[in-house]
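What follows is a single structure, written as structure tokens, with notes after it.
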Amino acid sequence: MRCRKIVCTECSTRWEGINYCVPCLSARRAAAEERSSATGVLAWLVVTAGTLFAAVHLIAWVGILLADR
Amino acid sequence: MSAARGSVTAVLDDGFDAVARCWAPWVGVLWLTGLPYRLFQVLLVHRLMVLGAAAFEHGQHVRQVAVGLVATFVVAVVGRTVYARACMLALESRSSAGWSALVPRVPDACGHLLVASLLLVVEALLAVTVVAIPVVAGCFAFAAAGCQGLTKVGVVAPVRAAGHGMVAGRSLLPLAFVGSVGILIAFLNLYFAFQVGLWLADGVAGANLATWQQLLSYRSPVFLLLLGGGAALLVEPFWIGSACAAVNAARSRRTGDDLRQRLAWLARGEAA
């Protein structure tokens, strides 16, 4: 297991195919349930949408440049 | 699992093992979501070849095809996220991933989409170079693997995680080279598979294959482009699987999991 503890099979819990001891399972579930902040989500939305928008125009521009050669 | 974990050979072995465990239905998900993207790539390249110098006057049409390309790219990224998670679960548990892996985790999918979008911009800028494209393609695979296990949606964490995956694995360039050779071999195999099919169909009485022989010839640019897209689709599961194995090996070295597993194998008397 990830925490270097040695526990028996009965004391471990299998989650998504991986064995966890009780404290690691609790920590993993807490991490998995961590809520994303509104600022982080907004920043992701702006950056991703901007990048995809730039990608469309860049692909068209580079493609036209290469086709013109 | 081989002894020299982290070496390119071990990464390829582990990656292929993971692919074998994830073959059904995860590779199907990867191919189904990736097929429209590959077809749009073929469409864009073919349109630019046909338009040639007149492409500038048809900029609106080229931009529309680029919009379709990017839209299908987003779908392909989601498929790669699902497949990479299945590979990671298969590598960590040494068994096939459960059906729960079919639904992508939101932080992983969002992080992967962000990093993949940035790589798409880089790929467009480097489109003029031939050498850089396989390396960027390798970066796409490592982005899929590195953005597994994110805890929340953000901007910095996915880029950092993907960067760690690309650097810590130390396998980016070797895997890019192996993947390129794989695509070339897949391309040649597909071409000869079609030629063998034409030859066999030629034996069917009354079959008129003149049109098909022209369409499926090396002189047909569309056919060659479709073969390239098909070869990339065929190699993609193994590329992503190997990237997942490299990232998993790097993470195991950081946590000490690799030493604990090695100790367990030695205790059981298994060969390393």
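The values are calculated or read from the model by the stated rules, or taken from the named source; none is laboratory data. No experiment lies behind these values; they were computed from the predicted model shown. Using ideal geometry, Cβ is built from the backbone for each residue, glycine included, and neighbour counts are taken over all protein chains shown. The area values use the complete protein model at the heavy-atom level, side chains included, leaving out ligands, DNA and RNA. Shrake-Rupley method; radii C 1.70, N 1.55, O 1.52, S 1.80 Å.
Give me a single rounded figure for B:39-49: the average over its residues of other chain Cβ atoms within 10 Å of their Cβ.
The mean count of partner-chain Cβ atoms within 10 Å per residue comes to 2.
For chain B, what relative contact order do you get, as a whole percent, if you take Cα pairs closer than 8 Å and at least 6 residues apart?
Computed value for chain B: 27 percent relative contact order.
Hey, can you list the DSSP H helices of chain B whose Cα span along the axis is 30 Å or longer and whose average Kyte-Doolittle score is at least 0.0?
Passing helices, by number: B:28-51, B:59-93, B:172-201, B:221-255.
Mind grabbing the interface size between A and B? I mean buried accessible area, both sides, 1.4 Å probe, in Å² to the nearest hundred. Write out the running numbers ahead of the final one.
On the way: alone 6240 and 14360 Å², together 17440 Å².
The contact between B and A buries close to 3200 Å².
Probe radius 1.4 Å, ligands and nucleic acids ignored: give me the carbon and sulfur share of the accessible area of the range B:1-73 as a rounded percent. Spell out each step's value before the answer.
Values: 2400 of 3510 Å².
With neighbouring chains kept in place, the figure for the range B:1-73 is 68 percent.
Other chains' Cβ within 10 Å of B:102-111 residues: what's the mean?
Mean inter-chain Cβ contacts per residue within 10 Å come to 2.
Could you tell me which residue out of B:49, B:62, B:98 lies farthest along the dipole of the range B:46-123 toward its positive end? Charges go on the beta carbon: Lys and Arg +1, Asp and Glu -1, centred on the Cα centre.
B:98
Starting from the Cα of residue B:189, step 7 Å along the direction of its Cβ; do the same at residue B:133; then give the gap between the two resulting points in nm.
2.1
Once the piece of chain linking residue B:71 and residue B:253 is laid out straight, how much longer is it, given 0.36 nm per residue of separation minus the C-alpha distance between them?
Length difference between fully extended and current span is 61.8 nm.
Gap in Å between the Cα centre of the range B:123-140 and the Cα centre of the range B:9-46?
Each part reduced to its Cα centre gives a spacing of 18 Å.
Would you mind calculating the gained length between residue B:204 and residue B:46 on full extension (0.36 nm times residue separation, minus the Cα-Cα distance), in nm to one decimal?
53.6 nm
Tell me, what is the per residue accessible area of the range B:1-135 in Å², probe radius 1.4 Å?
Details: 5840 Å² over 135 residues.
Per-residue accessible area for the range B:1-135 comes out at 43 Å².
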